[in-house]
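Below is one structure, written out as structure tokens, with a few remarks after it.
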Ligand code: CTP
Ligand code: MG
């Protein structure tokens, strides 16, 4: 990692967690006694390669998470979609970054090794993401029945942190804004706009907390690891 390289991490945390349900958005639920988003932010802040962390959150929560000037972490208002939240984060962060990583607030078990490998691949290729081969066969469904079965060997499940050279992400975001595009991840958008998006091997532990049972499993894993990620 070059010494003077500036790395921005955007952690979109403005979702409402429809699939999870409940009154409190899942990213604010506790894991080992601390909100998920706080665990994720702290792990990035612990990493010396990270220059700044920007966290888009819902408007109504902004006042609860004020930042002091000079802090490495900054909270900003998110948007109606994940991509809009990322856009707001990018705008608020300014331009002085070389590499930008985007990580879901609800993936508490990402590894710093994979993060660094993904940053390295993005520095070389322009964009990179951690992906996992699929254990299950995947079918396309129409009218509650299989319409086709893609070849599993060419499919991967996308994880985060997804990493980009700053000019690549800016190009992707500008084009998406112009076309009013939406997407569930930026890696796919970058590929759609003609950028090479390098695959890096992901981790099975880096699952996304999507439904209540995922948080139950996360609590078990956290307890077994003895809370080693506590700062
Ligand atoms: N996200 C965001 N702004 C949005 C929507 C999502 O910042 N308008 C964030 C979520 O907070 C989460 C990440 O994007 O950290 C991944 O999204 P997902 O797991 O889909 O979370 P939600 O969109 O909140 O959940 P659901 O799709 O079930 O509603
Ligand atoms: Mg969502």
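Label sites at residue 156 and residue 211, each approximated as a point 7 angstrom past Cα along Cα to Cβ, lie 2.6 nm apart. Note on 193, 222: ascending count of other Cβ atoms within 10 Å places them as 193, 222, the fewest first. Listed from fewest to most Cβ neighbours within 10 Å, the set 195, 139 follows the order 139, 195.
How do 8, 169 rank when sorted from fewest to most other Cβ atoms within 10 Å of their own Cβ?
8, 169
For segment 110-231, the Kirkwood hydrodynamic radius comes to 16.5 Å, computed from all pairs of different C-alpha atoms.
Taking only alpha carbon atoms, segment 160-212 gives an Rg to Rh ratio of 1.03, where Rh is the Kirkwood radius. For the chain, modelled as a GNM whose springs connect Cα atoms under 10 angstrom apart, the maximal fluctuation among 53, 65, 76 occurs at 65.
Extension gain for residue 6 to residue 220 (0.36 nm times residue separation, less C-alpha to C-alpha distance): 73.5 nm.
The Cα-based radius of gyration of the chain, divided by its Kirkwood radius, gives an Rg/Rh of 0.95. Measuring nothing but alpha carbons in segment 84-128 and taking Rh as the Kirkwood radius, the Rg to Rh ratio lands at 0.99. The distance from the alpha carbon centre of segment 171-209 to that of segment 60-129 is 13 Å, rounded to a whole number. Here each label is just a point 7 Å from Cα along the line to Cβ, and for residue 23 and residue 63 those points are 1.9 nm apart.
No value in this document is a laboratory result; all are computed from the given coordinates. Note that the coordinates shown come from a computational prediction; the quantities given were computed from them, not determined experimentally. Quick reminder, even Gly has a Cβ in these numbers, built from the backbone with ideal geometry, and neighbours come from all protein chains shown.
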